[in-house]
Amino acid sequence: MNDQAYLLQQDEALFPKIVWNRPVARHGAGRLHLIGGYLGDFSLPTAIYSLALAAGVGECNVALPDSLLKYLAGTPATTFVPSSPSGSLGREALGQLLDLGDKADAIAIGAGLSNNSETATLVERLLQELDRPVIAFDDALEALQFNIRLLTDRPDALIIVTMPELFKLAGQLEVPVHIRRDGGLINKVDIVSAVKAEINADLVVYGTETITAQGNSISVTPTNPVLSRIPAAYYAVLSVFWIQNGAQRFEGLTTAAWILRMAGANLKHQDVPTIESISKSITQTLSE
């Protein structure tokens, strides 16, 4: 681990005031704009939308390709933008996405984008022209694989990945990764620290634990195995707390990790919880 890094282990809530002082009024709770979806799958953006509302975001809007219009016409808080011939987000959606982004506090990119060159070009252009904070996960990193610095060099960005995705990101950034046999958690923290030292963006790695890296601070929070298999929950809750705590992003992200742990515990013995049950558990956790 970087000698300058400050590591906290979160076995109980480290920053309870983040929850106590979270915004109650809708107009002060942040506006998230979610970009994703393609003709073959729109489950991830719709799940993130529901879970972000449960986590207390003030407003969440979703931009989907118009190839989905016939399936989702009339869906609330949804805008349909030009699609590519394959049914994913198309290059012609750029202007409309930038206009929609101007009304948001942060833009979340990566929810089921599909892997094609036209959508990758669109994502690159968005990162070049957006003047709003960006949250990236899942397919966004694949779309930016040839120009990942458009994301990692931004100080107003949050990257949410699994450990395998972090290894891939390290390779793209040419950051040496040393995997030690039986290295355990300390080895993971060392790897996260090494990658964070090379990027400006905030970083969260989730899996058997949630590792949050912001500035020179790193926190580790045990995860609940129920929720660790539901990426949408991590994308949603981390995004909401990052938006709502712009002046305390490390504290906000670390608290989000705690909320996710406790929400998973509240699900008890549900091996494959529904998005509805996860939403209720997040709401319950925040009210306790």
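Any chance you could count how many residues in the range 187-209 are in a strand (DSSP E or B) and open to solvent by 20 Å² or more (accessible area, probe 1.4 Å)?
Keep residues of the range 187-209 that are in a strand (DSSP E or B), which gives 202-206, 209.
Now drop any that are not open to solvent by 20 Å² or more (accessible area, probe 1.4 Å), which leaves 209.
Residues that pass the stated criteria total 1.
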Checklist line | Tabulated pairs, the range 224-247, first closer than 24 Å to Lys268 by Cβ and open to solvent by 10 Å² or more (accessible area, probe 1.4 Å), second in a loop (DSSP other than H, G, I, E, B) and among the small types (Gly, Ala, Ser), C-beta under 8 angstrom, 6+ apart or interchain | finding: Ser228/Gly207
Next item on the list: Quick one: count up the residues across the range 248-263 that are buried (at least 24 other Cβ atoms within 10 Å of the Cβ) and over 14 Å from the mean Cα position of the chain (by Cα).
Entry: 4
Margin query: Here are the criteria: (1) within 17 Å of the chain's Cα centre (by Cα); (2) on the phi > 0 side of the Ramachandran plot. Tell me which single one Ala77 does not satisfy.
Written below: (1)
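Conditions tested, residue by residue: (1) among the polar types (S, T, N, Q); (2) open to solvent by 40 Å² or more (accessible area, probe 1.4 Å); (3) out of contact with any helix residue (DSSP H, G or I) (no Cβ under 7 Å at 6 or more places or on another chain).
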| position | (1), (2), (3) |
| --- | --- |
| Arg22 | no, yes, no |
| Gly30 | no, no, no |
| Gly36 | no, no, no |
| Val57 | no, no, no |
| Leu64 | no, no, no |
| Tyr71 | no, yes, yes |
| Ala93 | no, no, no |
| Leu98 | no, no, no |
| Ala104 | no, no, yes |
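Could you check the range 181-207 and list, in sequence order, the residues that are more than 17 Å from the chain's Cα centre (by Cα) and of a type outside the set (A, V, I, L, M, F, W, C)? Write out each step before concluding.
Initial filter on the range 181-207 (more than 17 Å from the chain's Cα centre (by Cα)): 181-191, 193-195, 197-198.
Hits for the range 181-207 are Arg181, Asp182, Gly183, Gly184, Asn187, Lys188, Asp190, Ser193, Glu198.
Going by what's in this entry, would Thr212 be described as open to solvent by less than 10 Å² (accessible area, probe 1.4 Å), within 24 Å of Leu14 (Cα to Cα) and at pLDDT 95 or above? Before you say what the answer is, go through the steps one by one.
Working: open to solvent by less than 10 Å² (accessible area, probe 1.4 Å): yes; within 24 Å of Leu14 (Cα to Cα): yes; at pLDDT 95 or above: yes.
Yes, satisfied.
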Check: Which of the residues that make up the range 264-276 are part of a helix (DSSP H, G or I) and surrounded by 16 or more Cβ atoms within 10 Å (Cβ to Cβ)?
Finding: Gly264, Asn266, Ile275
Notebook entry, point to check: Given (1) open to solvent by 10 Å² or more (accessible area, probe 1.4 Å); (2) assigned to a strand (DSSP E or B), where does Ser219 come up short, assuming only one miss?
Noted result: (1)
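Taking into account only those residues within the range 104-137 that are of a type in the set (Asp, Glu) and modelled with pLDDT of 95 or more, which is farthest from Leu203 (Cα to Cα)? Explain how you work it out, then say what you get.
First, the residues of the range 104-137 that are of a type in the set (Asp, Glu): 105, 118, 124, 129, 131.
Those left that are additionally modelled with pLDDT of 95 or more: 105, 124, 129.
Values: Asp105: 18, Glu124: 20, Glu129: 22 Å.
Restricting to residues being of a type in the set (Asp, Glu) and modelled with pLDDT of 95 or more, the top hit is Glu129.
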Next item on the list: Hey, can you tell me all the residues within the range 1-20 that are open to solvent by less than 40 Å² (accessible area, probe 1.4 Å) and either on the phi > 0 side of the Ramachandran plot or touching a strand residue (DSSP E or B) at 6+ places or on another chain (Cβ under 7 Å) (or both)?
Entry: Ala5, Leu8, Gln10
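The values are calculated or read from the model by the stated rules, or taken from the named source; none is laboratory data. Fair warning: this is a prediction, and the values are worked out from it, not measured in the lab. For neighbour counting, all protein chains shown are included, and Cβ atoms are generated from backbone atoms with ideal geometry for every residue, glycine included. Accessible surface areas use protein heavy atoms only, side chains included; no ligands, DNA or RNA. Shrake-Rupley method; radii C 1.70, N 1.55, O 1.52, S 1.80 Å.
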